[in-house]
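I have placed the structure first, in the form of structure tokens, so that the comments after it can refer back to it.
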Amino acid sequence: MSNSSLESALVRAWNGRGLLACALWPWSLLYRLLSSTRRVLYQRGWRQSYRAPVPVIVVGNVVAGGSGKTPVVMGIVQHLRAQGITVGVVSRGHGRQLPKEGTDCREVTATSPVAEVGDEPALIQRSCQVPVFVARRRPEAVRALLAAYPLTQVIVCDDGLQHYPLQRDVEICVFDNRGAGNGWLLPAGPLREAWPRKVDLILHTGSQPAFTQPAGFRVQRALAPCAQRADGSTVALATLRGQPVTALAGIGQPQAFFRMLEAAGLQLSARIALPDHYDFQSWQRSPTMPEPLICTEKDAVKLWQYEPTALAVALQLQFDTSFFAALDARLAQLGLGPVSSSTLSAA
């Protein structure tokens with residue numbers, strides 16, 4: 001059985017408690033023991049963790065696979081910046097390939113090779129124009145960011161809910177339509193840790209709330225009305241209706257992207273679902289696919305160097321206003337609030 005076939009079988013098994021899930025259940029008990037022990041070691045101070053001098057917001061999930069964390073991170077960054085708050089972002093940079101020489105920790109810039117910093121950090125830097133640092137150990141990324149940008153007032157961590165070496169002040173857990181799956185831990189289920197557990201805020205990015213208890217906030221997702229090429233030119237999605245297009249996605253839930261394109265009225269002649277964080281170095285467009293090629297923003301930061309005419313469609317999020325009110329209230333408790341216009345003028 002190929003890796004992709006095995007992965008598909010596991011994903012199907014995680015929807016219920018069938019034979020395969022039950023066969024893997026004893027292994028999930030071992031996983032639970034190891035993960036809970038590790039967490040307790042950090043909670044009780046028996047393993048060292050880093051407390052940053054500024055508030056740290058961690059946006060993560062407890063379910064394996066993509067749930068829309070990175071767009072949520074960008075939405076939070078944009079919200080904080082609109083209030084005059086100076087924001088920095090840290091990430092592990094999943095899937096990146098490090099050079100033989102040099103440090104693991106590095107800043108993500110407009111010229112950084114995506115293969116060395118990761119597709120999601122590159123997308124955040126390009127879209128939000130804030131300092132972004134990556135490192136396998138997030139505390140190293142936080143220290144480096146604050147050393148380079150000492151006026152930073154808050155750090156947003158893309159993923160890392162289970163990365164206990166970095167202490168956090170606000171935990172935001174993101175769920176999509178899968179919810180908690182069958183409620184079992186890996187490998188019998190999709191959970192990275194037992195759920196429910198205490199977090200500050202819960203976000204549902206799916207078409208409907210994944211569950212009602214504990215309560216959470218909704219995020220409405222929609223495609224941007226225009227797609228963008230590598231040269232910055234744009235094409236209105238409405239002009240592509242009625243003609244065949246090829247859709248490509250190397251994300252955690254590619255079928256969700258395809259469904260959104262179809263809901264926008266596009267006719268998909270082909271759907272190319274690739275592994276999450278696919279690097280495109282070995283991918284070649286088939287000569288039998290002359291129609292427009294449409295991909296996600298996350299794919300585009302890597303694909304454009306090979307296919308500059310590929311059309312990247314951004315994902316737009318509309319948050320419940322009550323979510324940002326709750327986030328602002330939590331940050332206010334930490335002594336961080338919006339910067340007044342008079343303060344900005346004085347600066």
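The values are calculated or read from the model by the stated rules, or taken from the named source; none is laboratory data. Computed from a prediction, not measured in an experiment: that's the story for all the values here. In this analysis, Cβ positions are derived from the backbone assuming ideal geometry, glycine residues included, and neighbour counts consider all displayed protein chains.
Some values worked out for this structure:
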| read-out | value |
| --- | --- |
| Members of the stretch 121-140 found to be outside any helix (DSSP H, G or I), crowded, with 23+ Cβ neighbours inside 10 Å and of a type in the set (Val, Ile, Thr), listed by number | VAL132, VAL134 |
| Matching residues, the stretch 9-24, being over 16 Å from TRP195 (Cα atoms) and among the hydrophobic types (A, V, I, L, M, F, W, C) | ALA9, LEU10, VAL11, ALA13, LEU19, LEU20, ALA21, CYS22, ALA23, LEU24 |
| Matching residues in the stretch 183-214 - criterion: being within 24 Å of ILE57 (Cα to Cα) and of a type in the set (Gly, Ala, Ser) | ALA194, GLY206, ALA210 |
| Filter result (within 16 Å of LEU98 (Cα to Cα) and touching a Gly at 6+ places or on another chain (Cβ under 6 Å)) within the stretch 108-135 | VAL117, GLY118, PRO121, VAL134 |
| Positions within the stretch 164-181 being in a loop (DSSP other than H, G, I, E, B), surrounded by fewer than 21 Cβ atoms within 10 Å (Cβ to Cβ) and modelled with pLDDT of 95 or more, in sequence order | TYR164, PRO165, GLN167, ASP169 |
| Test: residue in the stretch 215-222 that is surrounded by 15 or more Cβ atoms within 10 Å (Cβ to Cβ), in contact (Cβ under 8 Å) with a residue 24 or more places away in the chain and of a type in the set (S, T, N, Q) | no |
| Residue that is surrounded by the most Cβ atoms within 10 Å (Cβ to Cβ), among those in the stretch 94-120 that are modelled with pLDDT of 90 or more and either among the polar types (S, T, N, Q) or in contact with a helix residue (DSSP H, G or I) (Cβ under 6 Å, 6 or more places away or on another chain) (or both) | GLU120 |
| Failed item, numbered, when ARG143 is tested on (1) part of a loop (DSSP other than H, G, I, E, B); (2) more than 14 Å from the chain's Cα centre (by Cα) | (1) |
| Residue under evaluation ASP200, criteria (1) in contact (Cβ under 8 Å) with a residue 40 or more places away in the chain; (2) not aliphatic (A, V, I, L, M); (3) not assigned by TED's automatic domain parsing to the domain that holds ASP158, criterion not met | (3) |
| Residue satisfying condition, being among the small types (Gly, Ala, Ser) and part of a strand (DSSP E or B), within set SER322, SER269 | SER269 |
| Residues of the stretch 143-182 that turn out to be within 12 Å of VAL58 (Cα to Cα) and hydrophobic (A, V, I, L, M, F, W, C), as a count | 10 |
